[in-house]
Amino acid sequence: MSQESPKHISRYRSFEAFWPYYLAEHAKPATRALHFVGTLLGLGLALAAILLQNWALLPVALVCGYLFAWIGHIAIEHNRPATFQYPLWSFLSDFRMLGLWLTGRLGQEIRRTQSNDQDAPT
């Protein structure tokens, strides 16, 4: 009889705890820029799919969104995308990061989360 491996215990138990980690994994502006390009192209393709009722565009929208992001992680950030371990929170964080960038508040949020990380006990 084989022994089962213990279930993976998530390091982050809430979205708010995950958010500073997500921003830290996107520390370089070029990585964030690739995320924004991919997300905006993905949204545009999804909107086109709905308006044109061309449902074949939906998988293209997903691939487009993730492809740009993953290129940023591999080529620029040199880390593993959080999507693999936290798919829903990563998806939501991408839109939160985009929204903050579009409203000019991303830099402030990055500084806030960095200062909270430095204040945390080790």
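For this structure, a couple of remarks:
- Scanning the range 34-82 for residues that are of a type in the set (D, E, K, R) and touching a residue at least 12 places away in the same chain (Cβ under 8 Å) returns a single hit, Glu77.
- For the range 82-96, the condition holds for at least one residue, the condition being that it is among the charged types (D, E, K, R), under 19 Å from Lys28 (Cβ atoms) and at pLDDT 95 or above.
- Of the helices (runs of 4 or more DSSP H) lying entirely inside the range 1-106, those carrying at least 3 residues that are surrounded by 14 or more Cβ atoms within 10 Å (Cβ to Cβ) and touching a Leu at 6+ places or on another chain (Cβ under 6 Å) are 29-52, 57-71.
The values are calculated or read from the model by the stated rules, or taken from the named source; none is laboratory data. Since the model is a prediction, treat every value here as computed from it, not as a measurement. Quick reminder, even Gly has a Cβ in these numbers, built from the backbone with ideal geometry, and neighbours come from all protein chains shown.
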